[in-house]
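The values are calculated or read from the model by the stated rules, or taken from the named source; none is laboratory data. As the structure is a prediction and not an experimental result, all values here were calculated from the model. Note that we place each Cβ from the backbone using ideal geometry, even for glycine, and neighbour counts take in every protein chain shown. In case anyone asks, the SASA skips ligands and DNA or RNA and just uses the protein heavy atoms, side chains included. Shrake-Rupley method; radii C 1.70, N 1.55, O 1.52, S 1.80 Å.
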Amino acid sequence: MKIILVGGGKVGTALARQLSEEGHNVTVVDTNKARVEHLTESYDVLGIVGNGSSITTLSEAGIEDADVFIAVTGSDELNLLCCMFAKKAGHCHGIARVRNPSYSHELDFIKKQIGISAIINPEMAAAKEISHLLRFPGASKIDTFADGRVRLIKFALPDALNGVAIREIPTRLKSDILVCAVEREGGVIIPNGNFMLQKGDQVTFLATQEKAHAFFQQLHLPVQPVRNALIVGGGAIAYYLSQELLENHVRVRIVERDAARCVELAEQLPGAQILNEDGSNREFLLSEGLESTEAFVALTNIDEENVLLTLFAKKHSNAKLVAKVNKIAFNDVIDSFAIDSVVYPKYLTADYILQYVRACQNTIGSNVETLYNILDGRAEALEFSIREASAVTDVPLMDLDLKDNLLICCINRNGTILTPRGQNKIQVG
């Protein structure tokens, strides 16, 4: 597909890399010449230095025959304006990143009025991911498939599974789950049934919510949603997350150093307790019950502070720990700290947009419904539809000659979720 991408920041760069690798014809537009040159030299994309809301620039980028238009500049209003002009000048799908919470209740209205296909709010997406993790605290990462009925869940291997072969799990624990990937010593393994799990492994498995719950109970891992949360940093993610938690009757306390922002939060979130204090004040956190809180979420604008705060909370509590990190470049270092869950809003935004691009592609031939880059981009989990008979349909899975490092994890057959075994067959539909 022909794709025009306005904005060459962190999200734009991630999108340019992934979309070009998938063989799309990508043109990047940005007012920063050095940024455009870096992208065109690094990836197989075209670059134009200019304003994405200029009709002249859009024409130069080929808006008349573009399939998808994506605006991810740092300005919500510019993104919306770019999409509006793109819609007028071409006939493409428009996707805009809009971050301001004041627009959150008007997104459907904006989409209809401007004619945008999708609006992505990274802060809201991050809040939803954290909310999922706090409702299932034994997991460090959760992705959903089959309209939310199936979950791909990552967790740290407990002692009970040390030295156990994967094929033994269903009988030993009476759990109908499928282990999909194992991270060990910096590498990623797509295992077979004979693979032996070891202490220190990070394991990703797939199951329905009920079966995942039963599996974690067998392992004595936490499955009960948290009942109280201490959040440091009162930005947009904290606002969206607190809304979700309060609706689920979770006690919420937010520590925010800016007094004016505290007043705003107190008005917007009457059910939450807002504390005007520097979140890095260790004595204050301890005095506010850090040692007994069930969830500690660090959402300041400084990555290093979020990491250090969660490490401090790890030392002084048994809380579910979540840290927000924006810089993607140091994820391998952050992983070594063994923080329960790290949320990357930039990754989430790129993933959501890539999913929508694939949905657009779906209408012109592709069968892919959902795709996540998982395990720091070292593996892909994708969901696709079987539209017609082929060489792989109606053949037992054990008889298929599949590529290495590829695993069929789930079959959604007319709404019934099947955990595939060797004798199962892929069928049309």
- Message: Go through region 10-50 and report how many residues are of a type in the set (Gly, Ala, Ser), in contact (Cβ under 8 Å) with a residue 60 or more places away in the chain and in a loop (DSSP other than H, G, I, E, B).
- Response: 0
- Please verify whether region 192-200 includes one or more residues that are assigned to a loop (DSSP other than H, G, I, E, B), under 22 Å from the mean Cα position of the chain (by Cα) and either more than 15 Å from Ile142 (Cβ to Cβ) or without any contact (Cβ under 8 Å) to a residue 60 or more places away in the chain (or both). no
- Message: Can you say whether Phe205 is in a helix (DSSP H, G or I) and open to solvent by less than 40 Å² (accessible area, probe 1.4 Å), as far as the supplied structure shows?
- Response: no
- Hits in region 274-290 (condition: within 28 Å of the chain's Cα centre (by Cα) and either more than 17 Å from Ile302 (Cα to Cα) or aromatic (Phe, Trp, Tyr) (or both)): Ile274, Leu290
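What residue, among those in region 319-368 that are aromatic (Phe, Trp, Tyr), over 11 Å from the mean Cα position of the chain (by Cα) and part of a helix (DSSP H, G or I), is modelled with the lowest pLDDT?
In this case the residue turns out to be Phe330.
Tell me whether region 22-41 contains one or more residues that are at pLDDT below 90 and closer than 18 Å to Thr349 by Cα.
Yes: one or more hits.
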- State the number of residues belonging to region 146-157 that are under 16 Å from the mean Cα position of the chain (by Cα), open to solvent by 20 Å² or more (accessible area, probe 1.4 Å) and in contact (Cβ under 8 Å) with a residue 12 or more places away in the chain. 2
- Task: Examine region 280-303 for a residue that is closer than 19 Å to Glu123 by Cα, open to solvent by 20 Å² or more (accessible area, probe 1.4 Å) and part of a helix (DSSP H, G or I), and state whether such a residue exists.
- Result: no
- Note on the structure: So, first residue without any contact (Cβ under 8 Å) to a residue 40 or more places away in the chain and more than 19 Å from Gly422 (Cα to Cα) in region 158-186, second residue of a type in the set (Lys, Arg) and assigned to a loop (DSSP other than H, G, I, E, B), Cβ within less than 7 Å, six or more apart or across chains; the pairs are Asn162/Lys199
- Message: Looking at the structure I just gave you, is Asn100 out of contact with any strand residue (DSSP E or B) (no Cβ under 7 Å at 6 or more places or on another chain) and of a type outside the set (Asp, Glu)?
- Response: yes
